[in-house]
Amino acid sequence: MGASFMQAAVLYGKEDVRLEAVPVPALGPGEILVRVRAALTCGTDVKVFRRGYHARMIQPPALFGHEMAGDVVAVDPGVTAFQPGQRIVSANSAPCGCCFFCRHDQPNLCEDLLFNNGAYAEFIRIPARIVEKNTHFIPSDLDYADAALAEPLACALRGVDESGVKPGSTVAIMGLGPIGLMFVRLAKYAFGARVLVTARRLEQIDRALMLGADEGIVFGNPDSLIHEIRQRTGGRGADVVLEAIGQPAAWELATRLVRKGGVVNFFGGCPSGTVVRMDTSLLHYSEITCKASFHHTPAHIRRSLELIADGTVNASHLVNHREPLTQLPQVLYELAHRRNGQIKTAIIP
């Protein structure tokens, strides 16, 4: 291949990401090597940057980043499905296919879920299982940044899927970061729902309305938000509430925004060790279904790529900055401290 070293971001701990020259990964059986053309920042990466680790996905020191698309540059001789020069998008995980959860159609809960990190780099090695189960060709008319949305969109898609959203459902979305905005596009244009959004800042509401939300409510205090939601839903509350904030108070509030017999999806992950207090009478007598969606499945990755290809969601909706790899530490710092108005940034090695 020529170069034996590459530039890559290495996570060392809390708010400690360094760009280093590291060896280009050597390929094992069934693996491929990809030149990264676009790697997207995401809320999970920002959380990992702030905390310095992720219990399931990454322990420092480690290569960092997981939303990517690029070009195949080398393949192990045993790989027949891909060849150098092809444009691909690869998910950040793959299930084993044979454990209890895989056999019960819950591959996102696989007992041996294989994760892959290292997208913030010039090259990334794709493990054999991910090559086999969760790597796809990019349609010729799609930009790399569009294709790199497949992984986060698959997570959001599974969340909407699991919540039973139907055409005509009224969906209330709490939080309008990247996932909340994906919820807006999916609920409105893939599922045919009426979409209400709430956030603390007017510019977030305006962005959601531009992307298809039907109505927006600037969040002031819980009681006023409950009143507003009920006023706009015939006094009942939303059919489905999608929580994309990840704070205990938001989880608790979500149960008060949904109608009797409705569904709340606690999509936003709260910090480890958090305890949430729920009104048991409200849950019981109103027959509220509480769900939490984690990660994605290979089927949702495939479907999300189709939705990107047909324009339901694309980079123009979510990626509002592009920066070189050298700027990654500064980009993550600014995202962690909410200083730059970015939604998602495409890192271009």
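Taking the Cβ of Arg129 as the centre, find all other residues whose Cβ is under 15 Å away and add up their charges (Lys, Arg: +1; Asp, Glu: -1).
Around Arg129, the charge tally is -3.
What does the charge dipole of the stretch 200-349 about its Cα centre add up to, to the nearest 20 debye, if the Cβ of each Lys and Arg holds +1 and the Cβ of each Asp and Glu holds -1?
With only Lys, Arg, Asp and Glu charged at Cβ, the dipole is about 140 debye.
Round to the nearest 10 and give me the degree value, 0 to 90, for the angle of helix 150-162's Cα axis relative to the longest principal axis of the chain.
Taking Cα atoms only, the helix is inclined about 30 degrees.
Suppose a student asked you for the relative contact order of the stretch 164-291, using Cα pairs under 8 Å spaced at least 6 residues apart; what percent would you report?
Result for the stretch 164-291 is 22 percent.
For n ≥ 4 DSSP H runs only, could you compute -39500 (n - 2.57) per run for the chain, divide by its residues and tell me the 222 nm figure to the nearest 500?
-7500 deg cm²/dmol
I'm a student and want to see the number: the projected area of the Cα convex hull of the chain, averaged over all directions, in nm².
17.3
Of all the stretches in the chain, which is the longest one without any exposed loop site, taking GluC sites (Glu not before Pro) in a DSSP loop (any state but H, G, I, E, B) with at most 11 other Cβ atoms within 10 Å?
112-286
Looking at the stretch 291-349, which trypsin sites (Lys or Arg not before Pro) are in a loop (DSSP not H, G, I, E or B) and have at most 11 other Cβ atoms within 10 Å?
Arg338, Arg339
Using DSSP to define loop residues, name the trypsin sites (Lys or Arg not before Pro) in the stretch 151-227 whose beta-carbon has at most 16 other beta-carbon atoms within 10 Å.
Arg200, Arg201
Using alpha carbons only, how many angstrom separate the centre of the stretch 246-263 from the centre of the stretch 22-84?
Cα centres, the stretch 246-263 to the stretch 22-84: 36 Å.
Could you rank the peptides 83-89, 5-11 by their average count of other C-beta atoms within 10 Å per residue, with the highest value first?
Listed from highest to lowest mean packing, they are 5-11, 83-89.
Every number here is computed from the coordinates shown, using simple stated rules; none is lab data. Owing to the predicted nature of the structure, the values given are computational and were not obtained by experimental measurement. Cβ sites come from the backbone with ideal geometry, for glycine too, and all protein chains shown count toward neighbours.
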